[in-house]
Amino acid sequence: METDNKLISNKKILFLTLYTFSLTGGIEKVCRSFAKVLQDLLTGRKISGYKVLSMYDQSPDLNYVDQKSYIGFNGRRINFAIQALTSGLHSDVIILSHVNLLIFGWLIKKLQPKKRIILFAHGIEIWEKLSQWKTNFIRKQVEIIAVSKYTALKIEEVHQLQANKITVINNCLDPFFNNPISFEKPQELINRYHLKEENRVLFTLSRLSSDEQYKGYDHVIEALAELPEHIIYILSGKADLNEAQRIKNLIAKNHLQQRVILTGFVPDEEIEAHYLLADVFVMPSKGEGFGISFIEAAACGCRSVTGNMDGSTDAILNGALGQSVNPHDKAALKTVILDEVNSNYNKIDLQQKCLAAFVYEKYKERVRVALVN
């Protein structure tokens, strides 16, 4: 351990983000966990200092970061840019949470070519071709942390990156995620949603955006129309107006008004209860970089149905925590959902498999090793 301390104890880390605490999406959850890693590495004397700069956030959650190590700019982009460059010149490693922050890595590297630049690669934001300057910069001067094997392979292919420039570090459970010790369905939610004893519950938790129509909940609605009537679908997440109307139209078209429950936004303190209520977490996406919801579900003893065209397979451990299916194959989707609804598995065993792979402490160690290199 002393050798490890000598390797990185003098390093200063700069972490640049767009959002960290004011949104609840997957990338923001990654940013929170990563910020917590930096705080823990500082506390453990593995680094000499860190800063987290968030372009659009304001106040931090002090469970994750030290107040003096965090600055939120609340959308003041010029101030963020100045501080990013200034702090970057006084840091040893600059980590960018999103490809849209690449310009700051490029500028810092221009001023001080020996700086180490690391870019998080999550999913669709980097699966497609980028502007030429970004592609050239990534190829020649940037290291990549990819959140899944699929994302790693995709950016190797699209951007012609060498595999040795990419480190795959799967996302983790939030360090403060409450892993349940009992798996009984919450009576309060059973009452709230007027569920009967014979009901089986499919559950999706996702942002419902007209700009991100790749999550697959529309395919679930279509498949539900041909599934037994005791199967109920709870679809949760904040929806924009256009997407909300599209979903309601699809529900009406399939005559599922009594079998699809739209909950809207679910607060953090109720997420675990919804996973416990579910018999299957289902999100047959075709654009998921990883899918933190899948591992949250497994931590609550709930298996998942995912798509097989994205990074979701990493999150279900290639079948150990659920099944993957072609999102466009309605017959296959129905078959897999029914198989999971009727399956009999050990919830404790499922939870333990999930924790063994995705617990925060293992993530922290993987990040520590990546920063040593």
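Readers should treat all values here as calculations from the given coordinates under stated rules, not as data from a laboratory. Since this is a predicted model, take the numbers as computed values, not measurements. Note: ideal-geometry Cβ built from the backbone for every residue, glycine included; neighbour counts use all protein chains shown.
Just to confirm a number: summing +1 for Lys and Arg and -1 for Asp and Glu over residues other than residue 222 whose beta-carbon lies under 13 angstrom from that of residue 222, what do you get? Present the calculation step by step, with values, prior to reporting the outcome.
Details: positive: 246, 253, 259, 330, 334; negative: 218, 226, 329.
Result for the local shell: +2.
Compute the acute angle (0 to 90°) between the alpha-carbon long axis of helix 330-341 and the principal axis of greatest extent of the alpha-carbon atoms of the chain; round to the nearest 10°.
Computed tilt is about 90 degrees.
Relative contact order for the chain: what is it in percent, counting Cα pairs under 8 Å that are at least 6 residues apart? Kindly include the intermediate steps, with their values, before the conclusion.
Working: 689 pairs, mean separation 52.5, N = 373.
Value for the chain: 14 percent.
Viscosity 0.692 mPa s, temperature 37 °C: Stokes-Einstein D of segment 60-153 from its Kirkwood Cα radius, in µm² per second?
Values: Rh = 14.5 Å.
Approximately 227 µm²/s, per Stokes-Einstein.
Of the listed pairs 29/364; 114/154; 129/215, which have alpha-carbon separations greater than 23 Å here? Mind showing how you got there, number by number?
Details: 29/364 14 Å; 114/154 28 Å; 129/215 21 Å.
Pairs exceeding 23 Å: 114/154.
What's the FRET efficiency of residue 182 with residue 255 using the Cβ-Cβ distance as r and R₀ = 35 Å, to the nearest 0.05?
With a Förster radius of 35 Å, E is 0.45.
Would you mind getting the Kirkwood hydrodynamic radius of segment 246-308 from its Cα pairs, rounded to one decimal in Å? Mind showing how you got there, number by number?
Values: mean 1/r = 0.0754 Å⁻¹.
So the Kirkwood estimate lands at 13.3 Å.
For the chain, what are Rg and Dmax over the alpha carbons, in angstrom?
Over the chain's Cα set, Rg and Dmax evaluate to 21.4, 65 Å.
Taking every pair of alpha-carbon atoms in segment 2-169, give the share separated by more than 23 Å as a whole percent.
Cα-Cα pairs in segment 2-169 separated by more than 23 Å: 38 percent.
In straight Cα distance, which aspartates and glutamates are under 20 Å from residue 46, not counting same-chain residues fewer than 8 positions off?
2, 4, 66, 92, 361, 365
Report, largest value first, the span of the C-alpha coordinates of segment 187-357 along each principal axis, in whole Å.
41, 35, 31
Of 155, 49, 113, which is farthest along the charge dipole of segment 2-169 in the positive direction, counting Lys and Arg as +1 and Asp and Glu as -1 at C-beta?
113
Counting only helical runs of four or more DSSP H residues, what would the 222 nm mean residue ellipticity of the chain come to if each run contributes -39,500 (n - 2.57) and the total is spread over all its residues?
Working: 16 runs with 159 residues, N = 373.
Value at 222 nm, helices only, nearest 500: -12500 deg cm²/dmol.
Quick one: longest stretch of the chain between exposed loop trypsin sites (Lys or Arg not before Pro), exposed meaning at most 10 other C-beta atoms within 10 Å and loop per DSSP?
Working: sites that count: 45, 114, 129, 196.
Of all site-free stretches, the longest is 197-373.
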